[in-house]
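Accompanying notes for the structure given below.
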Amino acid sequence: MARTVGGHIPGPTLAATPVAAWTDPAVGNLVTWDATANMNVDECAVNENAVGQVIAVNPARTVVTVELFTGGMVAVLPYTGTVARGDKVEADGTTDASGQGKVRTDNTNGSGRIVAVDRVSGHVDVYFG
């Protein structure tokens, strides 16, 4: 069987509560911690570092399951702008057509490292170490 190079390496998952003002959490949204309540997350805005990505939402939209971007994890994420292998990334505040949060290069305040560009067209593989 042929093997492909690269791809998603899962991180740990955690159930969290979306902030009250975030009424439409969706699978693929990038999230950041919010300090207004225990285990609260908010959708990433432009210039924020994502701590994870929503992988499930309960029907009432009151609990989200987040895959955390932790050491040894590789996330495959859509990007905007010009990116290069070795760059750090941050959220750009938008989503692609499927609702997945996009990232862009920020080598000053970003996190992770891009290890592949366009292995999947329009996406980067980001290693979190």
Checklist outcome for this item: For the residue 4, residue 24 Cβ pair and Förster radius 41 Å, calculated FRET efficiency rounded to 0.05 is 0.75
Next on the checklist: Tell me whether region 44-118 comes out rounded, prolate or oblate; compute the Cα gyration tensor, take square roots of the eigenvalues as a ≥ b ≥ c, and use a/c under 1.5 as the rounded threshold.
Outcome noted: prolate
Item to check | Given charges at Cβ of Lys, Arg, Asp, Glu: the chain dipole, positive-most of 79, 56, 10 | outcome: 10
Item to check | Spin-label model distance (nm) - residue 94 vs residue 118, 7 Å beyond Cα toward Cβ | outcome: 1.8
Next on the checklist: Based on the alpha-carbon set only, what is the convex hull volume of the chain divided per residue, in Å³?
Outcome noted: 120
Checklist outcome for this item: Toy charge model, Lys and Arg Cβ at +1, Asp and Glu Cβ at -1: region 1-82 dipole around Cα centroid in debye, rounded to 20, equals 300
Checklist entry - With a ≥ b ≥ c the root eigenvalues of the C-alpha gyration tensor of region 1-45, is it rounded (a/c under 1.5), prolate (a/b larger than b/c) or oblate? => result prolate
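None of the figures in this text is laboratory data; all of them are computed from the coordinates on show. Only a predicted model underlies this, so the values are computations on that prediction, with no experimental measurement involved. All Cβ positions, even for glycine, are placed from backbone atoms using ideal geometry, and neighbour counts span all protein chains on display.
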